[in-house]
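Here is the structure we will look at, set down as structure tokens.
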Amino acid sequence: MPIELNLGALKRTRWHEYLVRFVLGGLITAFAGWVASRYGAVPGGLLLAFPAIFPASATLLEKHEQAKKRRAGISSTIRGRLAAGLEARGAVMGAIGGMGFGALVWKLLPQGSPGLTLLLALVSWLAISSLLWYVRKHHPWARSVRSGLRRP
């Protein structure tokens, strides 16, 4: 599946779905802030690294895929689950890149310039996440796992 930007999807999403994403993302972020103020920056920072809108996005994505299949007259619900699973895989790759971002900021920020530190951390996040995507897409082991998951 190629990576693509689909602006038409913005029109298909209803206003209340955006509201669910923003509210849930805000609640998760506020909870991370509360944990940080109560228990310290380390546990709060770990929670803040959680992809805050992922739970709402995955749920809405599954619902949209199931509705598309229903409109096409197909009763199977597996496509929605598979789409949510792909979304989860991408979130994990981004989160691992985020760990690299956080590690670089943690180590370099006290010693150097904030602008350069953030630039290096951003580049590391992009490089790590892209490398994970490339390996998942092109490595022979990953291809054999994907082919084993396909339905006949």
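The values are calculated or read from the model by the stated rules, or taken from the named source; none is laboratory data. Not measured: the values here are computed from a predicted model. FYI the Cβ positions are ideal-geometry reconstructions off the backbone, even for glycines, and counts take in every protein chain you see. Accessible surface is based on the protein model in full, side chains and every heavy atom, while ligands, DNA and RNA are left aside. Shrake-Rupley method; radii C 1.70, N 1.55, O 1.52, S 1.80 Å.
Key figures
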quantity: Residue identified as modelled with pLDDT of 90 or more, touching a helix residue (DSSP H, G or I) at 6+ places or on another chain (Cβ under 9 Å) and open to solvent by 60 Å² or more (accessible area, probe 1.4 Å) among Leu109, Leu120; calculated: Leu120
quantity: Residue check for Gly100: among the small types (Gly, Ala, Ser), out of contact with any helix residue (DSSP H, G or I) (no Cβ under 6 Å at 6 or more places or on another chain) and modelled with pLDDT under 90; calculated: no
quantity: Close pairs (9 angstrom Cβ cut-off, 6 or more residues apart or separate chains): in contact (Cβ under 8 Å) with a residue 40 or more places away in the chain in region 18-42, open to solvent by 60 Å² or more (accessible area, probe 1.4 Å) anywhere; calculated: Val20/Thr59
quantity: Every pair of residues 6+ apart whose Cβ atoms lie under 7 Å, when the first sits in region 133-147 and is at pLDDT 75 or above while the second is surrounded by 12 or more Cβ atoms within 10 Å (Cβ to Cβ) and assigned to a helix (DSSP H, G or I); calculated: Trp133/Met93; Val135/Ala142; Arg136/Ala142
quantity: Ser129 vs. criteria surrounded by 13 or more Cβ atoms within 10 Å (Cβ to Cβ) and either under 13 Å from the mean Cα position of the chain (by Cα) or at pLDDT 85 or above (or both); calculated: yes
quantity: Subset of region 93-129 [closer than 23 Å to Phe54 by Cβ, of a type in the set (Val, Ile, Thr) and touching a Leu at 6+ places or on another chain (Cβ under 9 Å)]; calculated: Ile96, Val105
